[in-house]
Amino acid sequence: MLLPLHQPPAPAPRQAGVARLDGVAVNVERTPVLRGVDLTVLAGEVLGVIGANGSGKSTLLRVLATLLVPASGTGHVLGATLGTTACSAVRSRVALVGHTPALYPHLTLAENLHVVARLTGVAAATVDGALETVGLAGAAGRRADRCSQGMQRRAELARALAAAPSLLLLDEPHAGLDADSRGLIDLVTDRVRRAGGACVAVSHDRDRLHTLADRVVEVVDGQVRATREVPA
Amino acid sequence: MTAPAAAPTPLRQCLELARKDLRAEARAGEALLVTAPFGAVALLLVPLAVGTDTPLLRELGPGLFWVVVLLFGVLVTLRASAVDGPAQLELLRLCGITATTRLFGRALANAALLLGVQVLLAPVAVVLYDPDLSGWPWLLPAMLLVAVGLGVLGALADAVAQGLAERTTLGPLLVAPLAVPLLLGATQVLAAARYDRGPWPWLLLMATAVLVVTLAAALCAAHLEEAR
């Protein structure tokens, strides 16, 4: 059963300011992956990024996570300019739920989350609440390498919930989740945007992304080609 | 938006990372259940090869102990359970953990495990080689310095070779030459104590080597991450 951690506040109005990229180009191993990307992520929104495999979607997420430095162009994430030391100060306000689970295989699901919580100063009770919210309280003592992909995915969502990020980045968020668990994506993104943060979800699944996002941009060959508001 | 939580100090983060590594090692058992027994076997094979020349074995014993600690210690520092994949590295970076904190967290865990390996192998060496143990208390600082020095060296080599397919080949090649002052010092500490020569110069050599390696690691860690 999914239990709310606390009563969410009223939705924050969408406004500019979470992240902005202007003409950003990124090379990975000297190969251009992103070329002249202009993108704004507004507070209180879920931005969907759609594109074919290899179009540069995941690279775009890593730029927004401040993990990749643009080769050219400028970018700002949560007030920090990309490529400057200010990025390290805002990273703990960014959560990335990647395509590959970032769990330590020898640790239990609970240990995985508690390690990160202690590293970032999040209270243990918040982690336990998040595990309960995603329905993993009963499996919290199971080693990560003995859990299914779906359970690992839910653990990652619990970690994102506990971190209460200002910017949540989701790479193929529905992958590995069964129909019952897919509602968790809505729950987590809803929490973030109600708290005034923003979410960016990348996927190649157009239909699912349209149900999740307020606005969808398409990435084609490393360039943002089209932006479309999703009707409510 | 949510106000950022107060981040723990780098020292606390270091300790937490080391704790995480040690917990993973306790489950994987690579260092103490796999590598240390191999080290004991290596110590056992030498007397079989040399024969029952007790005075010779007694003379060789301390040196062989440190050679085995060095060689198998490198494997401990490069254990698979301590490998962070790209996803884990990204996670730690997003937690605001600097490359320097990560490196010293790993070094701390390495040092604890290396001390454990030495404690396991030392009785084996004593039983097999029957060395002259006069001045044995000097071994304690030597063991500590070897554990810390090799731990930092291993963490540094791991940071250099991270993500490379040749990690397990490159690691020992990077560590072994830099560990020579530690090997030299550790071997001579007991010999000096036995012959009533002060072991201080050798301990000082080891401490200097540890300090240099630690400073190099502190200065290089961030640049190694940028270069990747």
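Looking at A:Asp145, A:Asp180, can you tell me which residue is among the charged types (D, E, K, R) and under 23 Å from B:Ala24 (Cβ atoms)?
After ruling out the rest, the residue left standing is A:Asp145.
Any idea which of (1) without any contact (Cβ under 8 Å) to a residue 60 or more places away in the chain; (2) farther than 22 Å from A:Gly98 by Cβ; (3) of a type outside the set (Lys, Arg); (4) in contact with a helix residue (DSSP H, G or I) (Cβ under 9 Å, 6 or more places away or on another chain) is the one B:Ala40 doesn't satisfy?
Every listed condition holds for B:Ala40 apart from (1).
Across region B:182-228, which residue is surrounded by the fewest Cβ atoms within 10 Å (Cβ to Cβ) among those that are within 14 Å of B:Met143 (Cα to Cα) and among the polar types (S, T, N, Q)?
B:Thr187
Which of the following residues is more than 27 Å from A:Ala19 (Cα to Cα), buried (at least 21 other Cβ atoms within 10 Å of the Cβ) and out of contact with any strand residue (DSSP E or B) (no Cβ under 7 Å at 6 or more places or on another chain): A:Leu119, A:Leu113, A:Leu131?
Testing whether each residue is more than 27 Å from A:Ala19 (Cα to Cα), buried (at least 21 other Cβ atoms within 10 Å of the Cβ) and out of contact with any strand residue (DSSP E or B) (no Cβ under 7 Å at 6 or more places or on another chain) leaves just A:Leu131.
Could you check how many residues of region A:41-100 are closer than 30 Å to A:Thr211 by Cα and in a helix (DSSP H, G or I)?
Residues that pass the stated criteria total 12.
Answer yes or no as to whether B:Val67 is away from every other protein chain (no Cβ under 14 Å), crowded, with 22+ Cβ neighbours inside 10 Å and assigned to a helix (DSSP H, G or I).
When the stated conditions are applied, B:Val67 does not pass them.
If you check B:Arg106 against the conditions, is it in contact (Cβ under 8 Å) with a residue 40 or more places away in the chain, within 14 Å of another protein chain (Cβ to nearest Cβ) and within 15 Å of the chain's Cα centre (by Cα)?
yes
List the pairs whose first member sits in region B:17-35 and is over 17 Å from B:Phe104 (Cα atoms) and more than 8 Å from chain A (Cβ to nearest Cβ), whose second member is buried (at least 19 other Cβ atoms within 10 Å of the Cβ) and of a type in the set (Val, Ile, Thr), and whose Cβ atoms are under 8 Å apart, counting only residues at least 6 apart or on separate chains?
What qualifies is B:Glu30/B:Val76; B:Ala31/B:Val76; B:Ala31/B:Val117; B:Leu32/B:Val117; B:Thr35/B:Val76; B:Thr35/B:Val117.
From the list B:Thr101, B:Thr54, which one is touching a Pro at 6+ places or on another chain (Cβ under 6 Å), touching a residue at least 12 places away in the same chain (Cβ under 8 Å) and of a type in the set (S, T, N, Q)?
On inspection, the qualifying residue turns out to be B:Thr101.
Could you list all residues from region A:174-196 that are touching a strand residue (DSSP E or B) at 6+ places or on another chain (Cβ under 9 Å), crowded, with 18+ Cβ neighbours inside 10 Å and of a type in the set (Gly, Ala, Ser)?
Hit for region A:174-196 is A:Gly196, nothing else.
Working carefully through the options A:Leu78, A:Leu113, A:Leu82, A:Leu103, find the one that is more than 7 Å from chain B (Cβ to nearest Cβ), in contact with a His (Cβ under 9 Å, 6 or more places away or on another chain) and modelled with pLDDT of 90 or more.
A:Leu82
The values are calculated or read from the model by the stated rules, or taken from the named source; none is laboratory data. Only a predicted model underlies this, so the values are computations on that prediction, with no experimental measurement involved. Backbone-built Cβ (ideal geometry, glycine too); neighbour counts: all protein chains shown.
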